[in-house]
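> I'd like to ask some things about the structure below.
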Amino acid sequence: MGSKYLMGTPTSAVPVLFLLLLRFLGALGQAPHRAAPPVPALIFFGDSIVDPGNNNGMTTLAKSNFPPYGKDFVGQQATGRFSNGKIPSDILASKLGIKEYVPAYVGTQLDDQDLITGVSFASGGCGYDPLTSQLAAAFTMDDQLDQFKDYKEKVKAIVGEENAAFIVADSIYAIVTGTDDLANTYFTTPLVRSAEYDLPSYIKFVVQQASNFIQELYSSGARKIAVHGIPPIGCLPSQRTLAGGIERECVTRYNEAAILLNIELSLAVQRLHDALPGSKMVFVDLYAPLLDIVLYPYAYGFEESARGCCGTGTFEVTLTCNGLTTPVCDDVSKYVFWDSFHPTERAYQILINKIVQQYISIA
């Protein structure tokens, strides 16, 4: 295997992360025998990977509430999810028996049950770096934290203070962001962060921003926090097109940056887990499982992993992937990626199954 693929994080980090995950989710091993879901709610923060439509009412290019997005979602609705169907938040909630879909918090009328079982505050285009959200006109992580505080008051009004405190403390909080910090802000936007920081310094800055957010989330009552690493960004179709040369190969330096960020972020999560009383914080690796799917698509029943299903599959994403000017592939099930940046529902299903089987053991 060529070095451009850069498989995973150093093996010395794996046992530490795995033990943390066992401490965090070990009790879920009994989930199939329980009448109730293992946790009361799933709550998501981050970017387009887990944004079910929070950007719909915003003036931003980072939105997807139009066809062909959602072509395989229930009712073929373009809800604002950046895929052809379900996204990871939906799949995980269904897998844990909580509910079929995790709704957007912003711009939606949610019933009491939807509120108390969890929502997503994620905003497409967001990053740990506030500039990333500014460039995309997305909600910042601080904005999402403010929305969470508002959410807590609504839950309290529904179930009372004592039950609300239980829901807040016992729910799982998933943070899924950081990809756009490197792919868009650092590598693609000229004369901004790359002029201010070298790569290691920028990664330290991003990880510090992440640590600040996690500590604020903890201070707001969260205890079970899963911080997801970033994928092999050099193998995303859009990044292959931008920097992969004529052959559109995976971009080595982008993947190296992703690995470095993941290592630093995983160490920061471990430090916070050790330092904050009562916390159960884990780092979840997305890099290795997604890279395996990309490198060996046929092993998973895919035929194409270098292009998306939408349009040419090399650059189309958000507004350039639309029902007016952009055709879609004949069989989306053969594609790892839906557009040039986001996986298909089927790829997400496989990715979540891998994570659940490795870390939660309820499959």
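Just so you know, all these numbers are worked out from the coordinates, no wet-lab data involved. Because the structure is predicted, anything quoted here is derived from the model rather than measured. Positions of Cβ are backbone-derived with ideal geometry, glycine not excepted, and every protein chain shown enters the neighbour counts.
> Starting at 0 and stepping by 10 Å, how many percent of the alpha carbon pairs of the chain end up in each bin?
Each 10 Å bin holds this share of Cα pairs: 5, 26, 37, 25, 7, 0, 0.
> Which shape class, rounded, prolate or oblate, goes with segment 148-216 when its Cα gyration tensor gives a ≥ b ≥ c as root eigenvalues, a/c under 1.5 marks rounded, and past that a/b bigger than b/c marks prolate?
Values: a/c = 4.05, a/b = 3.26, b/c = 1.24.
Here segment 148-216 falls in the prolate category.
> So which cysteines in the chain don't have a second cysteine's C-beta under 4.7 Å from them?
C126
> Please arrange S171, S220, S133 by counting, for each residue, the other beta carbons lying within 10 Å of its beta carbon, fewest first. Intermediate results must be reported in sequence, preceding the final value.
On the way: S171 23, S220 14, S133 28.
Ordered from fewest to most neighbouring Cβ atoms within 10 Å, S171, S220, S133 come out as S220, S171, S133.
> Checking the a/c ratio against 1.5 first, then a/b against b/c, what shape does the Cα gyration tensor give for segment 60-150? Walk me through the intermediate numbers first.
Numbers: a/c = 1.95, a/b = 1.20, b/c = 1.63.
Oblate.
> Further question on the same structure: Work the Kirkwood hydrodynamic radius out for segment 256-304: mean of 1/r over every pair of different alpha-carbon atoms, inverted, in Å. Don't jump to the answer; show the numbers that get you there.
Details: mean 1/r = 0.0781 Å⁻¹.
Final number for the Kirkwood radius of segment 256-304 is 12.8 Å.
> Kindly put Y197, Y298 in sequence by how many other C-beta atoms sit within 10 Å of each C-beta, fewest to most. Mind showing how you got there, number by number?
Working: Y197 15, Y298 8.
Fewest to most other Cβ atoms nearby, the residues stand as Y298, Y197.
> Going by how many other beta carbons lie within 10 Å of each one, how would you line up D150, D143, D51, fewest first?
Going from sparsest to densest Cβ surroundings: D150, D143, D51.
> What's the longest piece of the chain with no exposed GluC sites (Glu not before Pro), counting a site as exposed if DSSP puts it in a loop and it has at most 16 other beta carbons within 10 Å?
On the way: sites that count: E100, E247, E249, E303.
Here the longest run is 101-246.
> Rounded to whole Å, give me the distance from the Cα center of segment 320-343 to that of segment 145-170.
Between the Cα centre of segment 320-343 and that of segment 145-170, the gap is 38 Å.
> What distance in nm separates the simple spin-label points at K334 and T312, each placed 7 Å from Cα in the Cβ direction?
Reported label-point gap for K334 and T312 is 2.0 nm.
> Still on this structure, I have one more. Any idea what the dipole of the chain comes to, in debye rounded to 20, about its Cα centre with Lys/Arg Cβ at +1 and Asp/Glu Cβ at -1? Kindly include the intermediate steps, with their values, before the conclusion.
On the way: 26 positive and 36 negative charges, 120 e Å.
Charge dipole, the chain, about its Cα centre: 580 debye, nearest 20.
> Over segment 152-269, what per residue volume does the convex hull of the Cα atoms give, in whole Å³?
Values: hull volume 13.8 nm³, N = 118.
Taking only Cα atoms, segment 152-269 has a hull volume of 117 Å³ per residue.
> Also, quick follow-up: Mean-square fluctuation check for the chain, GNM, Cα pairs under 10 Å: which of A222, A169, A299 is largest?
Among A222, A169, A299, the largest GNM mean-square fluctuation belongs to A299.
> Note the direction-averaged projected area, equal to a quarter of the hull surface, for the Cα convex hull of segment 203-268, in nm².
Numbers: hull surface 19.7 nm².
The number I arrive at for segment 203-268 is 4.9 nm².
> Counting pairwise Cα distances across segment 219-324, what percent come out greater than 19 angstrom?
Numbers: 3154 of 5565 pairs.
Everything past 19 Å amounts to 57 percent.
> Which pairs, out of K95/K156; K95/K204; K71/K149; K334/K354, put more than 24 Å between their alpha-carbon atoms?
Listed pairs above 24 Å: K95/K156; K95/K204; K71/K149.
> Same structure, new question: Add -39500 (n - 2.57) for each DSSP H run of 4 or more in the chain, then divide by its residues: what number comes out at 222 nm, to the nearest 500 deg cm²/dmol? Could the numbers behind the result be given before it?
Numbers: 12 runs with 138 residues, N = 363.
The per-residue figure over the chain is -11500 deg cm²/dmol.
> Compute the Cα gyration tensor for segment 101-194, then decide on rounded, prolate or oblate, letting a ≥ b ≥ c be the square roots of its eigenvalues: rounded whenever a/c is under 1.5, prolate when a/b is larger than b/c in the other cases, and oblate in all that remain.
Working: a/c = 3.04, a/b = 2.66, b/c = 1.14.
It comes out prolate by the Cα gyration axes.
> Straight-line reach from K280: which lysines have a Cα under 17 Å away, not including same-chain ones fewer than 8 places off?
K224
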